[in-house]
1. If you take the residues in segment 164-187 that are loosely packed, with under 12 Cβ neighbours inside 10 Å and closer than 30 Å to LEU120 by Cβ, which one is modelled with the lowest pLDDT?
2. Cβ contacts < 6 Å: first residue within 30 Å of SER52 (Cα to Cα), restricted to segment 109-131; second residue of a type in the set (D, E, K, R) and exposed (fewer than 13 other Cβ atoms within 10 Å of the Cβ), any location; separation 6+ or different chain. Result?
3. Evaluate the following for TYR59: is it modelled with pLDDT of 90 or more and hydroxyl-bearing (Ser, Thr, Tyr)?
4. Sort out which residues of segment 17-57 are without any contact (Cβ under 8 Å) to a residue 60 or more places away in the chain and surrounded by 17 or more Cβ atoms within 10 Å (Cβ to Cβ), and write them in order of number.
5. Output yes when any residue across segment 88-96 is closer than 26 Å to PRO31 by Cβ and either outside any helix (DSSP H, G or I) or at pLDDT below 95 (or both), and no when none is.
6. If you check GLU86 against the conditions, is it over 15 Å from the mean Cα position of the chain (by Cα) and exposed (fewer than 14 other Cβ atoms within 10 Å of the Cβ)?
7. Do you know which residues across segment 133-152 are free of Cβ contacts under 8 Å to residues at least 12 places away in the same chain and of a type in the set (Lys, Arg)?
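The values are calculated or read from the model by the stated rules, or taken from the named source; none is laboratory data. For clarity, every value in this text was computed on a predicted model and none was experimentally measured. In this analysis, Cβ positions are derived from the backbone assuming ideal geometry, glycine residues included, and neighbour counts consider all displayed protein chains.
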Amino acid sequence: MKDLEASDKLELSNYVYFKGRLPFERLHTVPRSFQLNATSSVEVSMMFRDDSSEVMMLYDTNCSATVVRLEYSERLASLLLLPKAELQPLEDCLSDSRMSFWLSNLKPGRAEILFPKFHLRKSYNLDSLLRNSGVSSIFSDSADFARISRKTLKLVKAPHEVMLEVEETESEDGGRPDILLDFSVPPRITFNRPFMLIIYDDLTGLILFMGRIIDPTEV
């Protein structure tokens with residue numbers, strides 16, 4: 001809790017932390033370049049997943065983006081959205097109906113996937129969002145919090161903080177399962193430029209996190 005003042009009587013604080021381990025083996029993580037824009041790049045720890053097992057994926061021509069689904073657990077999954085070029089057209093394409101389309105049309109396929117590790121931490125002030133949504137009386141002297149306190153209270157702040165960590169699974173000591181040899185060149189999906197990430201509950205469809213990763217090295 002920061003920036004609290006002695007006169008503050010009520011603050012609405014929300015903190016969300018999520019640490020997800022994607023199905024990548026740590027021993028395959030290597031330094032790679034991540035292109036921030038046309039003129040600058042940074043070095044990131046790039047995770048690697050080979051094509052020995054299928055993943056659910058598609059290419060959305062309307063949004064000009066590759067969509068890959070990876071699981072964290074039996075219920076939690078993520079959609080990794082890699083635009084063909086700029087990120088803004090993909091953001092403009094996002095909607096509830098578009099996500100439903102992706103989930104309904106994902107197909108199993110084999111591809112090598114390179115995806116950066118990142119630790120994201122962002123803080124927001126929800127005051128203006130609440131006020132613009134019509135929830136403004138709680139900030140005024142006429143606010144009614146009689147059900148939680150006998151004192152006269154009003155909301156002074158509404159900070160919101162999100163912390164998201166995406167890493168590999170723990171390396172396991174064991175051989176790879178026997179697979180048929182395939183000498184064809186697998187497609188490779190490389191998240192080496194700004195992309196979007198959606199983490200959701202696979203059972204209910206509820207979106208838990210949604211954001212854009214411009215620079216994986218920023219914390």
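1. That would be GLU172.
2. ARG110/GLU54; GLU112/ARG188
3. yes
4. VAL55, MET56
5. No, segment 88-96 has no match at all.
6. Yes: the conditions hold for GLU86.
7. Result: ARG147, ARG150.
For every residue, the table says whether it meets (1) within 16 Å of ILE199 (Cβ to Cβ); (2) out of contact with any Leu (no Cβ under 6 Å at 6 or more places or on another chain); (3) of a type in the set (Ser, Thr, Tyr).
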{"site": "ASP60", "(1), (2), (3)": "no, yes, no"}
{"site": "LEU70", "(1), (2), (3)": "yes, no, no"}
{"site": "SER73", "(1), (2), (3)": "yes, yes, yes"}
{"site": "ALA77", "(1), (2), (3)": "yes, yes, no"}
{"site": "CYS93", "(1), (2), (3)": "no, yes, no"}
{"site": "ASN105", "(1), (2), (3)": "no, no, no"}
{"site": "GLY109", "(1), (2), (3)": "no, yes, no"}
